[in-house]
Structure formats: structure tokens, C-alpha cells
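All remarks here apply to the structure that follows.
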Amino acid sequence: MVTENESIRLIFGLKIKTLRQQLGLNLQQLSRDTGIALSYLHDIESGKKYPKADKIIAMAKALGVDYDYLVSLTGTKRLQPIIDMLNSEFMNVIPWEHFGLTPSSLMDLFANTPNKVTAFISTLLKLSRSVQMSKENFYTSALRSYQDLHDNYFEDLEKDVQQFRLKYKFKETLPVATTLLEDVLQKQFEIRIDRKTMASKDALKELRSFYNAVKKTFYINKGLTAAQENFLFGREIAFQYLQLSPRPVETILQNPASFEVLLNNFKASYFSSALLMPEAEFTEEVKRISSMPKWTDKAWHELIQKFDVTPEMLFQRLTNILPGHFGIDQIFFLRMTGNMQTDYYDMTKELHLSQLHNPYANALNEHYCRRWVAISTMKDVHAKMKAKKFRHPVIHAQTSQYWQTHNRYFCITFAKPQHKTEHFVTSVTIGLLIDPKVLQSMPFINDQSIPIKTVHTTCERCGIMDCKERVAQPVIIEKQQRSQKIADALDELNN
């Protein structure tokens, strides 16, 4: 995060360096003309130091500008976009240090870029403002990139979990018992567990837990499954055991105050999942299922029961294990909700490893492809709910061939009711880009019983004209076709 003082130093240093370069002066020459030490000038240009008034006057004279220009927060047309970025939320919400970058190194890069790159920076700022991109959007996007950078596998957290299990004598029998997790919180960390107070407040019904550090009390809401409670207990244990700070105190996380809060929330969640699904045991189970010659949803239901976790926790853990232990890193994870009365679907979470894969969130109010297994499985759940035949989460698999591309994904979806009503359904999907490595590791993908469907991102962008599942006209395709006709007609005039 860039503080106000850092921003002022960076802007001042950027102005000095730009003016010096425009005059064709090197640092030694500017040092001679101003009487300022060479090392001090270097610190000024890199944003580390801000000089006193007498030195600013000397530099203004040597560079041929007014004192007021140097100390103001405005610049030339070329510099202004960079200054705007330094003073914007954009600069403060991106966790530069986690990606090996510093603001001063970025300023050094920008100071030597041509005007077109500066204009590009301005474009990014305007775009973020026009689409109402919030700090939370930036934080979340940065976290997803951070996960991708590490293949979503964090060896240090895996080791922390192993050491914790040894220290507190966790039995290797699975699943992990709720009483064992509660005992650790109560006896080792002296935290009281309250299951009543939170449930009595109607305004908190959408939240699952809250931690009061002063009272050392962990509040749990009602209506949670044992798997959900275990995850929350494991997460709170992680905050205490790893001493993660700053941290969120509520679940579901509302508005993270900084990237560090979101990152520590992720670390605690990762720890909890690894605690409930230990790396060695979970990897062996996945290897066993993967080696099966035929697809069977029963094996995946049994995997959930063995570790007593939710489908989302299971798929998130797969994104940790598959890259490192199977060499499978072309993965996406999606969570969607659907209002079955209005036939409206919303993507509430996504993770892409190794590249931006074809299924992705669309913020333009377009209609997601109804051929996605995520949506068809939600519809299956809805039908079972209406017929009063729903018993447990429904799982379906599908090979999805993306229209007019070479990309094929093997997708597995779990779906279940969201609010214990037949109208709202949620699903989680994991998709693997089908390549020789995946086919070698998971022979059941070739099972002829697995349906194969040609899919697209949204109906508006899809040219599959005979699609029976279409719910909106291909207006984007039609617009592109009109533009192509105009281009073809103009070419004819040129000939």
C-alpha cells in the first residue's frame, strides 16, 4: 500500500527525473549544477527522499521550472496519468510487494516509457472507474492472481498443518471429529464457543460466524452442517495457531479493509481445508478414484463422506493437489447460484490456474450458456426438489467442447439447494483442460457414458444457431456480422 507521503515523494522524484532526461542531463551534471550530493539525488528520483526548500529551489533553477510546479501534485500531459494513478485507489489496492514489485520500480519503468504507454495507464484508470470497480474487486482479482502464481499450492501452509497435527496429537482416523476441533479452541487457545447469541439476531442470519477478540468468544450461527462447522473451527484454529494479522472476524467476509486481510483469510481457509483433508491421505484417495476405468459419481460422494466436507471444500482442495501431485495445472473452479423461478444464474466465485479459461464471469448481464453442466445440474436439483426426491447433492460430469476452439474440458459439478427452498440452487464446478497428461492420469474421462456437449460462454456470443437451450439472441455475433459486411463493402470500393 502506498501512503500519502510515499505518493508525494514518488511524484516529486518522477518530475525531477523526467525534467532531467528532457534536458539531456545525467545525475552527475545535475549534482554539479545544484550542489546536491549524487547519492541524495538518486534517492530523490527513486522516491526515497523529499528535499528541503533550499534544495528544491536549486533544482528548479537548474531544470528551468518554477518551484511551485515541482511541489504541486499536477504535471504535464504526459505525466498526469501516472500522477493520477499514484493518487488513485488503484495504486493502494494492488498488493505490489506480493508480486515482487515496488512502487519506485514501477515509477522508474513509467518514467522511461513513451507517451503511448502513459496513455494506456490512463485508459486503465478510466476503465476501472467506468465499470465501478471497487477495492474489493481489486483485492479479489489480485488474490486469484496470487493463487495462480503459486499453482494454488502453498507448501509452507501444508507443513504448518502437519506440525499442528503432530503437536496436538490429532488421530489419523478420518473424518476429523467436531469435538476434537472444539477442544483445541477451548483448551489450547482458551476461546469460548457460543452457538446461541448469533442465531438470536435476525440481521446476522446471512453470516456464519463471528470472533470477538476482547471476549475471546467464537460465535457460530444456526443451520450449519457439521462439515461447515468443522471448516469454521479449523479456520479459527488457523488464525490463532498461525497468529495471522490483520484478519477478518466474520464469515462470510463482508468488506476486507486491505489485501492483507483477504490474504490472511485465504491462508486460514487453506489451513482448515488441509487440516480436514490431509495432503497424503487426500492425494491417495484422488489417485484411487482417478485410476478407475469408468466414471462413477458414487466414488465422489464417498470421498465427501470420508472427509466430511462440502463439495466446494472438496473441489478447492483438488485445485491445491492436482498441480503438484498429478502435474495437472490447467484448471478452473466456478461457483454459481441460480434462481429457478426467473431462470437467472450468477457466477459468485471463480479461479483460473495457468490461463484464463473459457468459462468466466460476465458482468454485462448476458445469459450464461445453458449447456454448461453447472446449470443443467442445478436444473436437475430443482426437478428433484419439486418432486420431493432430493436426498443429497447431485453430481454430474460432462465433456465440454468450446464452440470454434480446440479447447475441451472435463467438468464435474455438485449442486444442491441454497436456502432450503426449491427455487434457489447453488453449484460448484471443477474443470480440467483435456490434454495427454489428464487423459493419462484419469482414464475414466474416456468413459463413453459421459455426455459430450458443445458449449459457449453466453448466448449473446454464441453462433450455434440450432441450440435448443438458447435463451437470448446472439446479438454480439449479429453485431460482428454487420461490421464484417460493412468492411467487405468498403473493400469492394477500394478495388
Worksheet item: Out of (1) modelled with pLDDT under 95; (2) under 30 Å from Glu172 (Cβ atoms); (3) of a type outside the set (Lys, Arg); (4) open to solvent by 10 Å² or more (accessible area, probe 1.4 Å), what's the single condition that is false for Ala387?
Response: (2)
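Looking at the range 455-464, can you tell me whether even one residue there is over 22 Å from Val286 (Cα atoms) and surrounded by fewer than 17 Cβ atoms within 10 Å (Cβ to Cβ)?
If we filter the range 455-464 for residues that are over 22 Å from Val286 (Cα atoms), which is where we start, we get 455-464.
Adding the requirement that they be surrounded by fewer than 17 Cβ atoms within 10 Å (Cβ to Cβ) leaves 463.
Yes - at least one qualifying residue is present in the range 455-464.
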Discussion item. For the range 239-255: of the residues being of a type in the set (Val, Ile, Thr) and either out of contact with any Lys or Arg (no Cβ under 6 Å at 6 or more places or on another chain) or open to solvent by 60 Å² or more (accessible area, probe 1.4 Å) (or both), which is farthest from Ala199 (Cα to Cα)?
Written reply: Val249
Practice prompt. Would you mind finding the one in Asp308, Asp343 that is of a type outside the set (Phe, Trp, Tyr), open to solvent by 40 Å² or more (accessible area, probe 1.4 Å), modelled with pLDDT of 95 or more and out of contact with any Asp or Glu (no Cβ under 8 Å at 6 or more places or on another chain)?
Written response: Asp308
Discussion item. Tally up the residues in the range 1-39 that are loosely packed, with under 15 Cβ neighbours inside 10 Å and not acidic (Asp, Glu), please.
Written reply: 15
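Which residue out of Ile452, Ile464 is among the aliphatic types (A, V, I, L, M) and within 30 Å of the chain's Cα centre (by Cα)? Working first, answer last.
Details: Ile464 fails: within 30 Å of the chain's Cα centre (by Cα).
Step by step, each of Ile452, Ile464 is checked, and only Ile452 is among the aliphatic types (A, V, I, L, M) and within 30 Å of the chain's Cα centre (by Cα).
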Worksheet item: For the range 395-424, which residues satisfy the criterion of being hydrophobic (A, V, I, L, M, F, W, C) and at pLDDT below 95?
Response: Trp403, Phe424
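Given the condition closer than 23 Å to Pro474 by Cβ, touching a residue at least 24 places away in the same chain (Cβ under 8 Å) and not polar (S, T, N, Q), answer yes or no: does some residue in the range 344-355 qualify? Outline the logic, then answer.
At the first step, the residues of the range 344-355 found to be closer than 23 Å to Pro474 by Cβ are 344-347.
Checking the rest, the ones that are also touching a residue at least 24 places away in the same chain (Cβ under 8 Å) come to 345.
Imposing the further condition that a residue be not polar (S, T, N, Q) reduces the set to 345.
Yes.
Identify all residues within the range 172-199 that are out of contact with any strand residue (DSSP E or B) (no Cβ under 7 Å at 6 or more places or on another chain) and open to solvent by 90 Å² or more (accessible area, probe 1.4 Å); write none if there are none.
Within the range 172-199, Glu172, Thr173, Lys187, Gln188, Glu190, Lys196 meet the criteria.
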Item to complete: Would you check which residues across the range 150-174 are of a type outside the set (D, E, K, R), more than 31 Å from the chain's Cα centre (by Cα) and farther than 21 Å from Gln240 by Cα and list them?
Response: Thr173
Practice prompt. Kindly check whether there is at least one residue in the range 228-238 that is among the basic types (Lys, Arg), buried (at least 21 other Cβ atoms within 10 Å of the Cβ) and within 23 Å of the chain's Cα centre (by Cα).
Written response: yes
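If you go through the range 256-265 one residue at a time, how many are surrounded by fewer than 17 Cβ atoms within 10 Å (Cβ to Cβ) and touching a residue at least 24 places away in the same chain (Cβ under 8 Å)?
Of the residues in the range 256-265, the ones surrounded by fewer than 17 Cβ atoms within 10 Å (Cβ to Cβ) are 257-258.
Next cut, touching a residue at least 24 places away in the same chain (Cβ under 8 Å) only: 258.
Matching residues across the range 256-265 total 1.
Inside the range 409-433, can you point out the residues that are among the hydroxyl-bearing types (Ser, Thr, Tyr) and either in contact with a helix residue (DSSP H, G or I) (Cβ under 7 Å, 6 or more places away or on another chain) or part of a loop (DSSP other than H, G, I, E, B) (or both)?
Of the residues in the range 409-433, the ones among the hydroxyl-bearing types (Ser, Thr, Tyr) are 409, 413, 421, 426-427, 429.
Hits for the range 409-433 are Thr413, Thr421, Ser427, Thr429.
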Worksheet, complete the sentence: Residue pairs within 7 Å by beta carbon, gap of at least six or interchain, first lying in the range 141-168 and over 19 Å from Met277 (Cβ atoms) and buried (at least 17 other Cβ atoms within 10 Å of the Cβ), second of a type in the set (Val, Ile, Thr) and at pLDDT below 95, listed first then second, are Ala142/Ile94
Discussion item. Looking at His406 and the list (1) assigned to a loop (DSSP other than H, G, I, E, B); (2) over 28 Å from the mean Cα position of the chain (by Cα), which single condition is not satisfied?
Written reply: (2)
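Any chance you could count how many residues in the range 217-240 are among the hydroxyl-bearing types (Ser, Thr, Tyr) and touching a helix residue (DSSP H, G or I) at 6+ places or on another chain (Cβ under 7 Å)? Full working, then the answer.
Initial filter on the range 217-240 (among the hydroxyl-bearing types (Ser, Thr, Tyr)): 217, 219, 225.
Next, from what is left, pick out any that are touching a helix residue (DSSP H, G or I) at 6+ places or on another chain (Cβ under 7 Å): 219.
Total satisfying the criteria: 1.
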Practice prompt. Inspect all residues belonging to the range 384-396 and state whether any of them is part of a strand (DSSP E or B) and in contact (Cβ under 8 Å) with a residue 24 or more places away in the chain.
Written response: yes
Worksheet entry | Residues satisfying the stated conditions in the range 267-286, i.e. in contact (Cβ under 8 Å) with a residue 24 or more places away in the chain and surrounded by fewer than 16 Cβ atoms within 10 Å (Cβ to Cβ) | Glu281
Response to the item:
If we keep only residues of the range 348-378 that are assigned to a strand (DSSP E or B) and open to solvent by 20 Å² or more (accessible area, probe 1.4 Å), then the residue farthest from Asp148 (Cα to Cα) is Thr348
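The values are calculated or read from the model by the stated rules, or taken from the named source; none is laboratory data. Just so it is clear, the model here is predicted, and its values are computed rather than measured. As a convention, Cβ positions derive from the backbone with ideal geometry for all residues, glycine included, and neighbour counts pool all protein chains shown. Please note that ligands, DNA and RNA were not included when accessible areas were found on the heavy atoms of the full protein model with its side chains. Shrake-Rupley method; radii C 1.70, N 1.55, O 1.52, S 1.80 Å.
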